[in-house]
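Before any comments, here is the structure.
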Amino acid sequence: MADLGIDWALSWVRAAAATVTEHREHLLDLDRAIGDGDHGENMYRGFTAVLGKLDAAEPSTVGDVLKLVATTLMSTVGGAAGPLYGTAFLRGAKAADTDALDAAGVAAVLAAGLEGIVARGKAEVGDKTMVDAWTPAAAAAQHVADSGGSAAEALRAAADAARAGAESTDPLVARKGRASYLGERSAGHRDPGAESSALLLETAASAAGA
Amino acid sequence: MSVGTALVLVSHSAQLAAGLVEVAAQMAPDVDIRAAGGTDDGRVGTSFDLVEQAVTGALSAGADAVVVLTDLGSATLTAESVLEMLEDERVRLVDAPFVEATVAAAVAAQGGGDFDAVVAAAGTAVTGFAGSGEAGGATAGGPAADDGGARTRSLTLVNPLGLHARPAATVARTAAGFDAGVTINGVDAASVLALMSLGLTGGAEIEVSATGPQAEEALAAVVAEIESGFGET
Ligand SMILES: Nc1ncnc2c1ncn2[C@@H]1O[C@H](COP(=O)(O)OP(=O)(O)OP(=O)(O)O)[C@@H](O)[C@H]1O
Ligand SMILES: [Mg+2]
């Protein structure tokens, strides 16, 4: 039932960097199908840059780590995922105002992150974007918090919900982002940003031992 | 010399941004127009840092205000993130067709238009250009038009802000809607840019002329539009 502090945040960043490296080709393929084919590269470049800054930055709180991720992604990603994840992690950092997150803290960070993505990109559930992964994830974490679960359980529920949310984008027609230019032809492919969101939340849950 | 409002052009491509600076600068040689195209390492994409540097660079070079224009997708999202970070009311983003909005904004800034006027010019570029496009070569005003029975009226611009982008676009649309060649102070009234480049402010004396089969109707409609004050008064 341990709350999640700086150690969790650091292992999450390292795991996230490893995951986007491992899934670089997969994310590239997804974005090639309905976008401009750069999402895997963008995420890989972003998280590699985060790793590069991690040691020198000496973050001491979860909020510090999230903020470092936010600003680094913002300036290195180069595609829509940069400002979107950047805003999400920046708002998440502001919401993570304690040394260690309990389940309610996890839910608050995810809710703030989702709010940031929506504020920036104006997408709704069903538009075939990362919002389709984040919305059920934030709700699932809140549900665990409300029923007295642990922080790790909240992240596990969020990761599972994000995975299902990403899969739910397969049949959708994109209404936001570059894929929306394809119209009906975007149906039948997974949204790359929803997939990378599910991957990031999966690493967050694993780093919490869930 | 640099004039009040600067422009920052954010594109996925460094070449596209630089090319648009070139196009806009032809019509607005005194305006500080900066390109922020591509990523910092020269790829296709957008860069938070390049946009931020362009905006703060323009401000520290003395611009009173900065209007940011973007091509699509992450250019807009990145620019919005920069604006949110800077929290500076002297910087605003206009989400409108990149080339048209940039040229309209540049012309407005060159004419000494204030921040609101430049933002408005950029924002109404779509309608404006559609109007002028239809009019094509329908420019009137050659000497021949005069013996062809040109109708002319002199009047005063009553709306306080003068013929800035929105009214210019309204006039241009009206003028283009008739089978007539309409001019205001000698320039094609169906062209938003031509009208805006007159730099007419509230109280200015203007002369509207029309030639062609519907000269009478076109003149009446344009005059009525101008006399209505465009809803500003
Ligand atoms: N308006 C938006 N709201 C929410 N998510 C969005 C929006 N636009 C794009 N996305 C997400 O971003 C992902 C694409 O990220 P990527 O890094 O490939 O940017 P991109 O689309 O190539 O950017 P660009 O706009 O520069 O072309 C999409 O799969 C989608 O999940
Ligand atoms: Mg892409």
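The values are calculated or read from the model by the stated rules, or taken from the named source; none is laboratory data. Predicted model only: the values in this text are computed from it and were never measured. Glycine also receives a Cβ, built like all others from the backbone with ideal geometry; neighbour counts cover every protein chain displayed.
Against the conditions (1) in contact (Cβ under 8 Å) with a residue 24 or more places away in the chain; (2) of a type in the set (A, V, I, L, M, F, W, C); (3) closer than 30 Å to residue B:73 by Cα, residue A:144 satisfies every one except (3). Within region A:182-194, which residues are surrounded by 24 or more Cβ atoms within 10 Å (Cβ to Cβ) and either in a helix (DSSP H, G or I) or more than 15 Å from ligand 1 (Cβ to nearest atom) (or both)? Hits for region A:182-194 are A:192, A:193, A:194.
For region A:65-84, a tally of residues being touching a Phe, Trp or Tyr at 6+ places or on another chain (Cβ under 8 Å) and at the interface with chain B (Cβ under 7 Å from one of its Cβ atoms) returns 4. For region B:92-105, check the following and say yes or no: at least one residue is in a helix (DSSP H, G or I), within 16 Å of ligand 1 (Cβ to nearest atom) and of a type in the set (Val, Ile, Thr). No, there is no match, as no residue in region B:92-105 is in a helix (DSSP H, G or I), within 16 Å of ligand 1 (Cβ to nearest atom) and of a type in the set (Val, Ile, Thr).
Looking only at region B:40-71, residues that are in contact with a helix residue (DSSP H, G or I) (Cβ under 8 Å, 6 or more places away or on another chain), part of a loop (DSSP other than H, G, I, E, B) and within 8 Å of chain A (Cβ to nearest Cβ) come to 3 in all.
In region A:46-68, which residues are surrounded by 17 or more Cβ atoms within 10 Å (Cβ to Cβ) and within 16 Å of ligand 1 (Cβ to nearest atom)? Correct list: A:46, A:47, A:49, A:50. Specify the residue that is farthest from ligand 1 (Cβ to nearest atom); the eligible residues are those in region A:111-146 that are surrounded by 24 or more Cβ atoms within 10 Å (Cβ to Cβ) and outside any helix (DSSP H, G or I). Ranking the candidates gives A:128 first. The single condition from (1) within 16 Å of ligand 2 (Cβ to nearest atom); (2) part of a helix (DSSP H, G or I) that residue A:51 fails is (1).
Residues that are more than 26 Å from residue B:39 (Cα to Cα) and within 16 Å of ligand 2 (Cβ to nearest atom) do not occur anywhere in region A:156-163.
Look through region A:1-40, keep the residues that are within 16 Å of ligand 1 (Cβ to nearest atom), more than 15 Å from the chain's Cα centre (by Cα) and in contact (Cβ under 8 Å) with a residue 40 or more places away in the chain, and return whichever of them is farthest from the other protein chains (Cβ to nearest Cβ). Step by step, filter region A:1-40, then rank; the result is A:26. When region B:37-82 is filtered for residues that are within 16 Å of ligand 2 (Cβ to nearest atom) and of a type in the set (D, E, K, R), the ones remaining, listed by number, are B:43, B:71.
Of all the listed residues (A:86, A:78), the sole one being within 16 Å of ligand 2 (Cβ to nearest atom), modelled with pLDDT under 95 and buried (at least 19 other Cβ atoms within 10 Å of the Cβ) is A:78.
Among the conditions (1) over 15 Å from residue A:200 (Cα atoms); (2) within 16 Å of ligand 1 (Cβ to nearest atom); (3) of a type in the set (A, V, I, L, M), residue A:43 misses just one, which is (1). Scanning region B:161-177 for residues that are within 12 Å of residue B:200 (Cβ to Cβ) and not in a helix (DSSP H, G or I) turns up B:161, B:162, B:163, B:164. Here's a check for you: in region A:25-48, which residue that is of a type in the set (Gly, Ala, Ser) and in a helix (DSSP H, G or I) is nearest to ligand 2 (Cβ to nearest atom)? Among those residues, the one meeting the criterion is A:40.
Looking at the structure I just gave you, is residue A:48 closer than 29 Å to residue A:170 by Cβ and of a type in the set (S, T, N, Q)?
yes
Restricted to region A:169-183, and to residues there that are more than 14 Å from every other protein chain (Cβ to nearest Cβ) and under 21 Å from residue A:80 (Cα atoms), the residue that is modelled with the lowest pLDDT is A:183.
Among the residues making up region A:85-97, those that are away from chain B (no Cβ under 13 Å), over 22 Å from residue A:52 (Cβ atoms) and touching a residue at least 24 places away in the same chain (Cβ under 8 Å) are A:96, A:97.
Scanning region A:170-179 for residues that are touching a residue at least 40 places away in the same chain (Cβ under 8 Å) and either farther than 16 Å from residue A:123 by Cα or within 13 Å of ligand 1 (Cβ to nearest atom) (or both) gives A:172, A:174, A:175, A:176, A:177, A:178, A:179.
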